[in-house]
Amino acid sequence: MNERILPKDHPRYESLKYRHKIIEGMKKLVVAEAGLIAHGRGECYDYILGERTNKLAINAMRAAVALLLISKNPIISVNGNVAALVPKELVELSEAVNAPLEINLFYRKAGRVDAITTVLKNAGASNILGMDESKMVEIEELSSNRRLVDPKGIKIADAVFVPLEDGDRTEALKRLNRNVIAVDLNPISRTAIWADITIVDNIIRVLPEMVKIASNLKKRPKEQLKKIVDDFDNKKNIQDALDLIKDYVESQKEEAFKILK
Ligand code: PTJ
């Protein structure tokens, strides 16, 4: 991006950089128009979480990685926003936990699957599912476009990682007894509530952290990984995330004014 438009010393440089990736992604069909709105909603929650990864999120990420590592057929679902924001990290996580990437879109506009495939391939992906739309099958109980899934991927998966999701699919996947891991900055979205493990944090910080966690947990015995998953309590995780937001907002009554000094 042109440095005059986005100078590196701009106080909101990081946030503007990712906004720009989303806008560029939309121009290339990777991101749906509604993806811009979704991103803005995420930014808003990130602001009131202090725009940093908290201990709760790390704990949820550990449980998520452990679950992916012990699952028989884990899969990482990819939408336009995630592909535009963190393509390289998606590929790294996919390799670290041995879970293929499956393109699964809510807004199925012509050319989007190809555009996302190109982004993933450029990031080094070799194991991509969901590319051949003629081979898709349906998952029951779901009326949105997300019902169209790859027979070798989400259809047979026991654990589905759904970064940034609209609510109805998580509910449908739960009805089908799948384990669902979500990343959602909104701790009370339908996805966040329905998922087994909800990581309340920004996907741009989550994926690199999960890759690190995976390289560590990979060496652990299965029983240890299972214990990490069993000890995780998602209701408590979400309630604690809400407390975190409350405390952060409370602290800002004083902290926010310090920039004036
Ligand atoms: O590419 P497609 O067609 O599959 O569509 C993708 C979007 C994201 C447009 C679609 O799934 C959608 O409309 O999602 P929603 O219903 O807007 O939900 C997205 C959720 O992700 C919201 O709860 C946001 O707060 C959250 N979110 C947005 N950006 C981030 C985020 N969570 C974590 N990290 C982010 N960067």
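The values are calculated or read from the model by the stated rules, or taken from the named source; none is laboratory data. Just so it is clear, the model here is predicted, and its values are computed rather than measured. Heads up, the Cβs are rebuilt from the backbone with ideal geometry, glycines too, and the neighbour counts pull from every protein chain shown.
Among residues of the range 179-216 being among the charged types (D, E, K, R) and outside any loop (DSSP other than H, G, I, E, B), the one that is farthest from the ligand (Cβ to nearest atom) is LYS212.
Using the structure shown, decide if HIS39 is in a helix (DSSP H, G or I), surrounded by 14 or more Cβ atoms within 10 Å (Cβ to Cβ), of a type outside the set (Phe, Trp, Tyr) and away from the ligand (no atom under 11 Å from the Cβ).
Working: in a helix (DSSP H, G or I): yes; surrounded by 14 or more Cβ atoms within 10 Å (Cβ to Cβ): yes; of a type outside the set (Phe, Trp, Tyr): yes; away from the ligand (no atom under 11 Å from the Cβ): no.
In short, no.
Selection of the range 163-172 for residues being within 21 Å of VAL65 (Cβ to Cβ), near the ligand (Cβ under 9 Å from one of its atoms) and either out of contact with any His (no Cβ under 9 Å at 6 or more places or on another chain) or at pLDDT 95 or above (or both) yields PRO163, GLU165. Screening LEU90 with (1) at pLDDT 95 or above; (2) farther than 24 Å from LEU225 by Cα; (3) not in a strand (DSSP E or B) gives one miss only, at (2). Per the conditions (1) surrounded by 20 or more Cβ atoms within 10 Å (Cβ to Cβ); (2) more than 16 Å from LYS212 (Cβ to Cβ), the sole criterion not satisfied by ALA63 is (2). Put simply, of VAL97, VAL31, VAL91 the only residue that is within 8 Å of the ligand (Cβ to nearest atom), among the β-branched types (Val, Ile, Thr) and under 30 Å from ASP132 (Cβ atoms) is VAL31.
Using the structure shown, decide if ARG175 is surrounded by 18 or more Cβ atoms within 10 Å (Cβ to Cβ) and either within 9 Å of the ligand (Cβ to nearest atom) or more than 18 Å from LEU90 (Cα to Cα) (or both). It is false that ARG175 is surrounded by 18 or more Cβ atoms within 10 Å (Cβ to Cβ) and either within 9 Å of the ligand (Cβ to nearest atom) or more than 18 Å from LEU90 (Cα to Cα) (or both). When SER144, SER134 are checked against the criterion of being within 30 Å of GLU24 (Cβ to Cβ), surrounded by fewer than 18 Cβ atoms within 10 Å (Cβ to Cβ) and out of contact with any helix residue (DSSP H, G or I) (no Cβ under 7 Å at 6 or more places or on another chain), SER134 stands alone in meeting it.
Yes/no per residue for (1) more than 16 Å from the ligand (Cβ to nearest atom); (2) part of a helix (DSSP H, G or I):
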| residue | (1), (2) |
| --- | --- |
| ALA57 | no, yes |
| ALA64 | no, yes |
| LEU69 | yes, yes |
| TYR107 | no, no |
| THR117 | no, yes |
